[in-house]
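**Q** Once you've had a glance at the structure underneath, I'll fire off some questions.
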Amino acid sequence: MADWMREREARLREFFGAGAGVEMIPQDEARRFELSRETEEALARFNIEWHVVPTAGALPLDDDYFARLYPHAPRDFMRPREHAPSFRERLTAGHAKHQGRVVGVETTVKPRYLPGLRQFYGTAYGHDPSADPFAPYMGRAAMVNGTRYAHNYTSLRAFVAVVNDDWRARGILPAGYRATVCPPAVFNLVGAAFHPEWSETETLELGFYRDERGNATCFAVGSAAPNDFSFIAEVEGEGEWSLMGFRVALVPE
C-alpha cells in the first residue's frame, strides 16, 4: 500500500473514531491502484488529490454516519420527496458506487462570492483567471464567461467530455477512470475529513450522480457553517445554477 493511502486511512480512522484494525479499503483494491510518475505529475497540475473511500463494512452510511457528516442537513433530508427518494436514500445509493474504491478529487481553491460572479477558481478572491487549471477547457467547451459559475447541465456535460477526451489522448487518465463533477457524498466526506477550508466560502458547488443512460441528477452541495458540509438540495430550474461552482473528480467507471 502506498504511503499516501496509509495516511488517508489513518486520518479517516482518527476522524471517525475507528479502531486501528478497521480496513478502510480492500487490500486488492489498494494493490491494483497504481499511477505512473508521469500521470501523477500531470494530474497534480490540475490539483487532483487521491483519496480512499471506506467500504460499506468499514463505514456504513447508517444513522451514526449521517449524524456525524450531515449535522445541519435540511429538515426534509430523510423524508421521501414527491416522485423522488429522500436525499439520504439518494446519497446512499450513489455513494455505493465509490465505497471501497480510490477516487481523485480536485482541491483548487474556490473563491468567495462577490457581486457579478466574475470570480475564478484558484485564489481566495478570484480575480486571476489564469489561476484556474481547467480554464483552457472552458473555452473549448464554449463556457463563454470563463468562470465555473452560471452554467447548466448541458454545458457542464460538454466540459466533462472535453476533459476526458483530452486526458485520454494525452495518456494521463488512469485506466478505468473518468473525469466528472465531484459526487455529493465524496465532496462531503473529503471536505469534512481533509479540507475544512472548503467550508469557508458561502457559495455552493454542484454534485452529480450519473445514471446508466449518461444523465445525471444534479445537487447543490455546500456548508451551513464553518467546518460543516451538510447542505444539499436537488437542482431543477435553470435559475438555480447561477451561484454554484463545481470541482472535478476522477471516479471509477
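**Q** Residues being out of contact with any His (no Cβ under 7 Å at 6 or more places or on another chain) and either among the hydrophobic types (A, V, I, L, M, F, W, C) or in contact (Cβ under 8 Å) with a residue 60 or more places away in the chain (or both): count how many of those fall in region 50-80. Spell out how you get there, then give the answer.
**A** Kept after step one, since they are out of contact with any His (no Cβ under 7 Å at 6 or more places or on another chain), are these residues of region 50-80: 50-52, 54-60, 62-80.
Subset that is either among the hydrophobic types (A, V, I, L, M, F, W, C) or in contact (Cβ under 8 Å) with a residue 60 or more places away in the chain (or both): 50-52, 56, 58-59, 66-67, 69-74, 77-78.
Total meeting the criteria: 16.
**Q** Oh, and also: Sort through Glu40, Glu23 and tell me the only one that's surrounded by 12 or more Cβ atoms within 10 Å (Cβ to Cβ), part of a loop (DSSP other than H, G, I, E, B) and among the acidic types (Asp, Glu). Let's see the steps before the verdict.
**A** On the way: Glu40 fails: part of a loop (DSSP other than H, G, I, E, B).
Criteria check complete, one pass: Glu23.
**Q** Hey, another quick one. How many of the residues in region 94-118 are assigned to a loop (DSSP other than H, G, I, E, B) and either farther than 21 Å from Phe46 by Cβ or modelled with pLDDT under 90 (or both)?
**A** Taking region 94-118 and keeping what is assigned to a loop (DSSP other than H, G, I, E, B), we get 96-101, 107-118.
Within this subset, residues satisfying the condition of being either farther than 21 Å from Phe46 by Cβ or modelled with pLDDT under 90 (or both) are 96-97, 99-100, 112-118.
The total comes to 11.
**Q** Residues His72, His51, His127, His98: which one is closer than 28 Å to Thr201 by Cβ, in contact with a Gly (Cβ under 9 Å, 6 or more places away or on another chain) and not basic (Lys, Arg)?
**A** His51
**Q** Take Gly176 and tell me if it is over 11 Å from the mean Cα position of the chain (by Cα), at pLDDT below 90, of a type outside the set (Phe, Trp, Tyr) and at positive phi. Explain how you work it out, then say what you get.
**A** Values: over 11 Å from the mean Cα position of the chain (by Cα): yes; at pLDDT below 90: no; of a type outside the set (Phe, Trp, Tyr): yes; at positive phi: yes.
The answer is no for Gly176.
**Q** Looking only at region 174-212, filter to residues that are closer than 16 Å to Ile48 by Cα and small (Gly, Ala, Ser); which one of those is surrounded by the fewest Cβ atoms within 10 Å (Cβ to Cβ)?
**A** Ala175
**Q** Do we have any residue at all in region 33-44 that's among the β-branched types (Val, Ile, Thr), touching a helix residue (DSSP H, G or I) at 6+ places or on another chain (Cβ under 8 Å) and on the phi < 0 side of the Ramachandran plot?
**A** Start the filter on region 33-44 by keeping residues that are among the β-branched types (Val, Ile, Thr), which leaves 39.
Cutting the leftovers down to touching a helix residue (DSSP H, G or I) at 6+ places or on another chain (Cβ under 8 Å) gives us none.
No.
**Q** Exactly one condition in (1) among the small types (Gly, Ala, Ser); (2) modelled with pLDDT under 95; (3) crowded, with 17+ Cβ neighbours inside 10 Å; (4) within 26 Å of Ser223 (Cβ to Cβ) is not met by Ala141; state its number.
**A** For Ala141, the failing item is (4).
**Q** Considering Asp132, Asp166, which residue is within 18 Å of Leu43 (Cβ to Cβ), surrounded by 14 or more Cβ atoms within 10 Å (Cβ to Cβ) and more than 18 Å from the chain's Cα centre (by Cα)? Give the derivation first.
**A** On the way: Asp132 fails: more than 18 Å from the chain's Cα centre (by Cα).
The conditions single out Asp166.
**Q** Being in contact with a strand residue (DSSP E or B) (Cβ under 6 Å, 6 or more places away or on another chain), surrounded by fewer than 21 Cβ atoms within 10 Å (Cβ to Cβ) and within 23 Å of Arg118 (Cα to Cα) is true for just one of Ala233, Ala158, Ala220. Which residue is that? Before the answer, list the steps.
**A** Details: Ala233 fails: within 23 Å of Arg118 (Cα to Cα); Ala158 fails: in contact with a strand residue (DSSP E or B) (Cβ under 6 Å, 6 or more places away or on another chain).
Answer to the check: Ala220.
**Q** Restricting the first residue to region 1-19 and requiring it to be touching a residue at least 24 places away in the same chain (Cβ under 8 Å) and exposed (fewer than 12 other Cβ atoms within 10 Å of the Cβ), which pairs with a second residue that is part of a loop (DSSP other than H, G, I, E, B) and charged (D, E, K, R) meet a Cβ separation below 7 Å and a spacing of at least six or different chains?
**A** Close Cβ pairs satisfying both conditions: none exist.
The values are calculated or read from the model by the stated rules, or taken from the named source; none is laboratory data. Keep in mind that this is a model prediction, so the values were computed, not measured. Positions of Cβ are generated from backbone atoms using ideal geometry, with glycine treated the same way; all protein chains shown enter the neighbour counts.
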